[in-house]
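The values are calculated or read from the model by the stated rules, or taken from the named source; none is laboratory data. Every value quoted in this text rests on a predicted model; they were computed, and no experiment measured them. Cβ atoms come from the backbone with ideal geometry, glycine included; neighbour counts cover every protein chain shown. Accessible surface areas use protein heavy atoms only, side chains included; no ligands, DNA or RNA. Shrake-Rupley method; radii C 1.70, N 1.55, O 1.52, S 1.80 Å.
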Amino acid sequence: MEKHTFIIDIAKGHHSFYAQQICDEMAASAKARGTGIAKRTPAYITEKMNEGKAVIAMHADGRWAGFCYIETWGHGQYVANSGLIVSPEFRKSGLAKEIKKKIFELSRNKYPNAKIFGLTTGLAVMKINSELGYEPVTYSELTDDEEFWKGCQSCVNHAILVSKERKNCMCTAMLYDPAEKKKSSGNKLLDFAKNSKLYERFMRIKQNILLRGEKKEGSSEKKSLMNFFNF
């Protein structure tokens, strides 16, 4: 595998040159996954860059490589690291993990007392989040800020979210709470790594049930996984 060198830094105004490319890659990635994300415009991405609330990765040769930005809700009580995207040519290089670390560090510096949360359908992102100290939670533990939930309206799965009264959807919710003392900081990571294939199977079960509109809890395997991940 070719070894790449990246420069990961806080995005600035001059990086707005890449805003359209970033939006295009976000849309293409969502379409490929078949799950959808809240759509963002180049103007919105540029605003995040100008505010110092985004991280951008550039290849050593000058090519754009990746991006992620910060959103705040509930008057700064909640922070979301959103829009993580890596250029297709640099995927599977470990760059996504480094970007997540950088945006997490930026979030902690800017909002040290905020709860940091995320919604994702990607197992790789869940693993990275777990390594940073996030834990899977129910949707009720996320912000109740209506502006956040409005962002889901452009997602292809919004009808599912509405039908479940915002209690569940295709995404998994994960939360980092700085006020909560971690009793065993390493165990969650070990458990996630050990059970990642089981969890991936659970995600498929969950998504199939939601897509079919079924209300039953499903198999005992699903129930045990719900308990394991504190759902």
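Looking at the range 63-153, the strands (runs of 3 or more DSSP E) lying wholly inside it that each contain 2 or more residues that are in contact (Cβ under 8 Å) with a residue 12 or more places away in the chain and within 21 Å of residue 9 (Cβ to Cβ) sit at 64-73, 78-86. Screening the range 44-53 for residues that are assigned to a helix (DSSP H, G or I) and open to solvent by 40 Å² or more (accessible area, probe 1.4 Å) and picking the one that is farthest from residue 110 (Cα to Cα) gives 44.
Kindly establish whether residue 56 is under 24 Å from residue 94 (Cβ atoms), assigned to a strand (DSSP E or B), modelled with pLDDT of 95 or more and open to solvent by 20 Å² or more (accessible area, probe 1.4 Å). Taking the combined requirement at face value, the residue does not satisfy it.
Is it the case, given these coordinates, that residue 148 is modelled with pLDDT under 70 and either within 27 Å of residue 97 (Cβ to Cβ) or surrounded by 16 or more Cβ atoms within 10 Å (Cβ to Cβ) (or both)? Criteria not met by residue 148. Only one of the listed residues (108, 166) is surrounded by fewer than 18 Cβ atoms within 10 Å (Cβ to Cβ), at positive phi and among the basic types (Lys, Arg). That residue is 166.
For the range 81-98, the criterion of being open to solvent by 60 Å² or more (accessible area, probe 1.4 Å) and at pLDDT 95 or above is satisfied by at least one residue.
Checked against the criterion of being of a type in the set (Gly, Ala, Ser) and under 13 Å from the mean Cα position of the chain (by Cα), the candidates 94, 122 yield just one match: 122. Take the conditions (1) over 17 Å from the mean Cα position of the chain (by Cα); (2) under 29 Å from residue 166 (Cβ atoms); (3) at pLDDT 90 or above; residue 75 misses just one of them, which is (3).
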